[in-house]
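Report on the structure given below.
Every number here is computed from the coordinates shown, using simple stated rules; none is lab data. Not measured: the values here are computed from a predicted model. Methodologically, a virtual Cβ is constructed for each residue, glycine included, from the backbone with ideal geometry; neighbour enumeration extends over all protein chains shown.
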């Protein structure tokens, strides 16, 4: 397999995994690390960038949704969604450090955009959380 094809595949897997669609980027990363496909740091960087951009796509969807439906926490019917939004309102962009948690993290990213949290802080916290998660996966796979 061509070196760039594997990196692009990892990037795409990480991107899709961070949107509202399901994905398995951790398994792809672990496989590539385990087989010595590339340097673990390079693989972690590619997966982190792809996953962060995917999360920011979800953040952007929330931002666009806010233009159509301004946020009214009381109007949110789903209790889990209401708690996620309340947590973000209370703790701010720092909550996005845990945006890597499956399903819950996607909701945090969407809600952060909906709440119009700082783009710069959102990117920073998301990127840090994603990179830390991928670094642990790479370490375990190596």
note = Measuring from the longest principal axis of the C-alpha atoms of the chain, the long axis of helix 40-68 (C-alpha) lies at a number of degrees, nearest 10, equal to 20
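Tell me, rounded to the nearest percent, the portion of alpha carbon pairs in the range 46-109 spaced more than 19 Å apart.
Values: 617 of 2016 pairs.
Cα-Cα pairs in the range 46-109 separated by more than 19 Å: 31 percent.
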task = Please sort 53-59, 90-96, 126-132 by packing, taking for each peptide the average over its residues of neighbouring beta carbons within 10 angstrom, highest first.
result = 53-59, 126-132, 90-96
task = Report, to the nearest 10°, how far helix 79-91 tilts away from the longest principal axis of the Cα atoms in the chain, using its own Cα long axis and a range of 0 to 90°.
result = 90
key: Label-point separation, residue 120 to residue 80 (7 Å along Cα→Cβ), nm   = 3.4
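Just the number, please: Stokes-Einstein D of the range 89-142 in µm²/s, Kirkwood Rh from C-alpha pairs, 25 °C, 0.890 mPa s.
On the way: Rh = 11.4 Å.
Taking Rh from Cα pairs, D becomes 216 µm²/s.
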query = Once the chain is represented by equal point scatterers at the alpha-carbon sites, with solvent omitted, what log10 I(q)/I(0) does the Debye formula produce at q = 0.10, 0.13, 0.15, 0.20 Å⁻¹?
reply = -0.34, -0.54, -0.69, -1.06
remark   = In degrees, nearest 10, the alpha-carbon axis of helix 25-34 is tilted away from the dominant principal axis of the alpha carbons of the chain by 20
